[in-house]
Structure formats: structure tokens, C-alpha cells
Amino acid sequence: MALLIVAMFVASFSMITKRLSATIVTAPMVFLAFGYLMSRTGLLGHGQAEAALHIVAELALVILLFLDASQINLKALFDEHTWPTRMLFIGLPLSMAIGTFFTWLFFPQWPLFALALAAVILAPTDAALGQAVVTNPLVPGRVRRALTVESGLNDGLALPVILLFASLTAMGQDGAQWLIFGAKQLVLGPLVGIGVGLMGGAALRYVQKRGWVEESVEGIGAIALAGIAYLGATAIGGNGFIAAFVAGLGFGSIVKGHCKFVYKFTESEGQMLSWSAFFLLGLALIPEAIAHLTWPMLAVILTSLFIVRPLAIWLSLSGTKALPMTRLFFGWFGPRGLATALFALLVVHDLDMEYGETILHLAVNAVWISALLHGVTALPAAKWYSAKCSAMDDCAESEAIKNSAKPLPNTNDG
């Protein structure tokens, strides 16, 4: 009966997606709420849902990272790399540092490493929750590229730091050992990713030209490449999420517009995995997280969304040509999603219950609150930002929007 209800709901939702795209209702909001409502019925087991969530969330992240990266115009990105580079290498560390301070304000009894761990888990942004913005034709292409690259890479950059503070919170792991681990994560991941992406893309183009491959299975090959990058990097100590994103960049730079079915297939499969992950999150974790939501926890989440990231992004873009409204737009559209919940799940069992359970509840509550707030503001904010950009004639944003008459296409032309 439970599976029948889920199947009927998915079928019904898929039939109105275009209609909903013109509203403030997003797919993550719908499936989080549906999962929560299903948890109230008792028809699906909590333990089974949490076990499935680990697998589905990782699969969804890997495929979405690969897919988003494969559609980025590398030439345009290299020409306009300042914004994403600053947000990643200045804004992300600032978010972690400022977030640690605000977490301490509301949990002053916690040790420093636990405070930092909570702040770092809340720092990465989510590609799935950001789809309503990064695929919106109203938003200039340069802005969408910057947000896509940031959300694609900050998960992998944050993971070594999360594992560091988790180990320090739990048992004080040796610093030298962690430095070796972190270096392997950040070096081996990109190396594996670029190798898999370039070779996979070249191989697909080769067999395409010779008519050896059926168009109907090209998408399966693309998904397999994302998995190879993730699993290959993980097997040798690299960061699998970074590897998947970099593999997408390499793959897209080779394939470009020659494999349209690849993108259609991976978009549909990626969307299905994303919906499933948010449904399982709502089913397995949100009910308990809401039950344990406290005022200090809510204060940390709201300051993270409204103060920590906006301030960090504003500071990171100081000295660039980004207008104040662009800095505010970047600062607000950093939703917390699957990565935040997944990272909390990865470390919760290694921590004392006093900190582990609270950090998990903090992360899960941040996800549904972010899905709600960023979902309802995505369309209105995109319209407002587009109108502001269109009214200007001498800024990078207005020039970009003139070349953004349609969503980021699947032909890699940016």
C-alpha cells in the first residue's frame, strides 16, 4: 500500500512539473513534505528509509554534480573565473569561521571543535536545491555559472574539513595524519576526475563517429562515468564528489553538443534520484529533527542563512566588479541540501551523542528550512534581479543577461 501511494504521488507530480515551475513551489519542497506526511502514516519503516537515504543521497549528488558540470562552458568559465574562485576559496572559509562564531553564541558550552564541525557542515551549498535559480533563463548566464561551479565544488572542499573536526571532536586525531588525508582528497580527486571525464568523453565521441553505440544507451554510459570517477577517487583516497564534478567538466568539454540524449537521460535519472533523496530525508530524518528543534538550534540555522553566508560572500567579492545586488543575490542563494544532511550522517556515529545527535538534527532542520525559504524566494528574486540587470547598460550582469535568452543549454555553449 505504501509503495502504491508513493508511485501514484510521483506519477501525479510528474504531470504538473511545468505548471509548478511557474510558481514558488519546488520539487524538493514537495518531496520533503510528502516524505514527512508518509512518516506520520507508519506505513514505511524508519530504519529502512534511513539506510536507503545514504545510498540514494550519494547517488543523487554524484549524478547531479556530473550533470551540472558537463553543461558548463569552460571557456566562458575561464574568462569569468573571478566570482566562483573567490566564493570558493575566500567565501567558503569565511563562512566556516563566521559560522563557528555564531554557533558559539548559541551553544557556548560546546568545545571549539564541535562548534566548528557544526558550522562547517552548514557551509556547503546544494546543487539540487539551487536548480530553480541556476536553470532560470531570467538569471544572467555568468551568475548561473558561478553558482553552479560553487555548489559543485564546495561539497568536496568542505568534506576534508568536516572529517578533520569530526575526528578532533571525537578523539583528537593527529594533525599530520589529517594533513596527508586532506592533501590526498584535494589532489587525487581532481586528477581522477579529469582523467575519467576526458577519456570517457573522447571514447564516446570515437564510437559515435563510427556508429558503434546506440543513442538510447549513451546516457547509461554517462552515468557510469560519473560512478567511475566517484568510486575510483574514493578507492585511492581522493574526494569522490570533487572527482565527479571535475569529470563532468572534462566530459562536457569533449562531448559538447554531440550527445544530446546523454543530457536528457541524466537529467531525468538525476531528477528521479533527487526526488527520492528528498522524499527519504523527509521520511527518515525530518520528523525526529523537528521534534528536537530548539530555539538555539533555530537561531544557528537562521543566522547561517541570513547572516553568515551573505556576509562571507559579500566580503569575498570585495574588489570585484560584482554589484551590491549581485553580491546579495549570491549570498542569499546558497541553499543547504543533500550534502549538509549526508555529511552530518557520515560523522554522527563517531561523535558523543551529546554533540552528534544535535549536529544531525541541526543539519536536517537546516535542509527543510532552506528548501522552504529558498524555494519560495527563487522565482520572485530571479525576476527582481533580472529586471535590475536589464535596466543597466554598463555592467557585467546586464551584458550577461542579454546573452541569456534561454536556460543553460545541454549543448555546452553556456
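The values are calculated or read from the model by the stated rules, or taken from the named source; none is laboratory data. These numbers come from a predicted model, not from an experiment. Every residue, glycine among them, receives a Cβ derived from its backbone with ideal geometry; neighbour counts consider all protein chains shown.
Tabulated results
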quantity	calculated
Candidates V30, V56, V62, filtered to the one that is out of contact with any Asp or Glu (no Cβ under 6 Å at 6 or more places or on another chain) and surrounded by 24 or more Cβ atoms within 10 Å (Cβ to Cβ)	V62
Hey, A22 outside any helix (DSSP H, G or I), farther than 14 Å from S276 by Cα and either in contact (Cβ under 8 Å) with a residue 24 or more places away in the chain or among the small types (G, A, S) (or both) or not	yes
Subset of the range 208-239 that is closer than 16 Å to G252 by Cα and loosely packed, with under 15 Cβ neighbours inside 10 Å - its residue that is modelled with the highest pLDDT	A224
Residues located in the range 177-207, provided they are at pLDDT below 85 and aliphatic (A, V, I, L, M)	L179, I180, A183, L186
Hits in the range 272-306 - residues which are within 26 Å of L64 (Cα to Cα), of a type in the set (S, T, N, Q) and touching a Ser or Thr at 6+ places or on another chain (Cβ under 9 Å)	S304
Test result for L4, within 19 Å of M272 (Cβ to Cβ), touching a residue at least 24 places away in the same chain (Cβ under 8 Å) and in a helix (DSSP H, G or I)	no
M297 being farther than 29 Å from V143 by Cα and of a type in the set (A, V, I, L, M)	yes
Of residues in the range 204-238 being touching a helix residue (DSSP H, G or I) at 6+ places or on another chain (Cβ under 9 Å) and outside any helix (DSSP H, G or I), the one farthest from K184 (Cα to Cα)	W212
Test: residue in the range 75-85 that is modelled with pLDDT under 85, surrounded by 16 or more Cβ atoms within 10 Å (Cβ to Cβ), closer than 27 Å to A224 by Cβ and not basic (K, R)	yes
Sole exception among (1) modelled with pLDDT of 90 or more; (2) touching a Ser or Thr at 6+ places or on another chain (Cβ under 7 Å) for S390, by number	(1)
Lone qualifier among A69, A97 - being buried (at least 24 other Cβ atoms within 10 Å of the Cβ) and hydrophobic (A, V, I, L, M, F, W, C)	A69
Qualifying residue in the range 56-65 (condition: without any contact (Cβ under 8 Å) to a residue 12 or more places away in the chain, farther than 20 Å from G375 by Cβ and out of contact with any strand residue (DSSP E or B) (no Cβ under 6 Å at 6 or more places or on another chain))	no
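A quick yes/no check of all residues on (1) under 21 Å from A146 (Cα atoms); (2) among the basic types (K, R):
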{"site": "I194", "(1), (2)": "yes, no"}
{"site": "G197", "(1), (2)": "yes, no"}
{"site": "I220", "(1), (2)": "no, no"}
{"site": "A229", "(1), (2)": "no, no"}
{"site": "L249", "(1), (2)": "yes, no"}
{"site": "K260", "(1), (2)": "no, yes"}
